Every structure is written in C-alpha cells, then in structure tokens.
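Quick notes on the structure that follows.
The values are calculated or read from the model by the stated rules, or taken from the named source; none is laboratory data. Bear in mind the structure is a predicted one, so any value in this text is a computation, not a measurement. Backbone-built Cβ (ideal geometry, glycine too); neighbour counts: all protein chains shown. These accessible areas exclude ligands, DNA and RNA; they are computed on the full protein's heavy atoms, side chains included. Shrake-Rupley method; radii C 1.70, N 1.55, O 1.52, S 1.80 Å.
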Amino acid sequence: MSRPTPDVVLCPGGPMLLRGEHLVMDDDGVEHPTTRPISAVCRCGKSATKPWCDGTHKVIPERLRP
Ligand code: FES
C-alpha cells in the first residue's frame, strides 16, 4: 500500500509548501487564493511578497530561520 503524497510540507529553515488549491489568510485577514501546483508560504516573516516566500529566508542568519 502506497503512502499518500502530503499536500503541506514544512521546509526546515524555509517556507511551507502547499500542493494544489488553497486559500491562505494573512495577518490582516486578507485571503490569498492559490491554484498553483506548488505554492511557498513564508514562515520567516521577512518576505517582501507575504504571504508568499520570495527566498529572503536564505540570506537571514540560520538561527533566525523557522
Ligand atoms: S520563508 Fe522564504 S522568505 Fe520567508
């Protein structure tokens, strides 16, 4: 029996990956729909395109990453 493919993956030190259609609500209550095959949600709080990851987590000190 094969295991199901997770539709939410937490990347160590990086974003949360969402597979498929999701509705993400930000800190202000604004909803951000996504239907992309894979979407990356920022977990470090430093992205300029929140709620989406823009790769900024790669340049912040490792101890400050999620
Ligand atoms: S997790 Fe990638 S920019 Fe925040």
Taking H placed 1.01 Å from N in the peptide plane, check which residues at least 5 places from R43 or on another chain put their amide H under 5 Å from its amide H. M16
Using a 1.4 Å probe on the protein heavy atoms, what percent of the accessible area of the chain belongs to carbon and sulfur? 54 percent
Give, rounded to the nearest 20 debye, the magnitude of the charge dipole that the chain has about its Cα centre when Lys and Arg contribute +1 at Cβ and Asp and Glu contribute -1 at Cβ. 380 debye
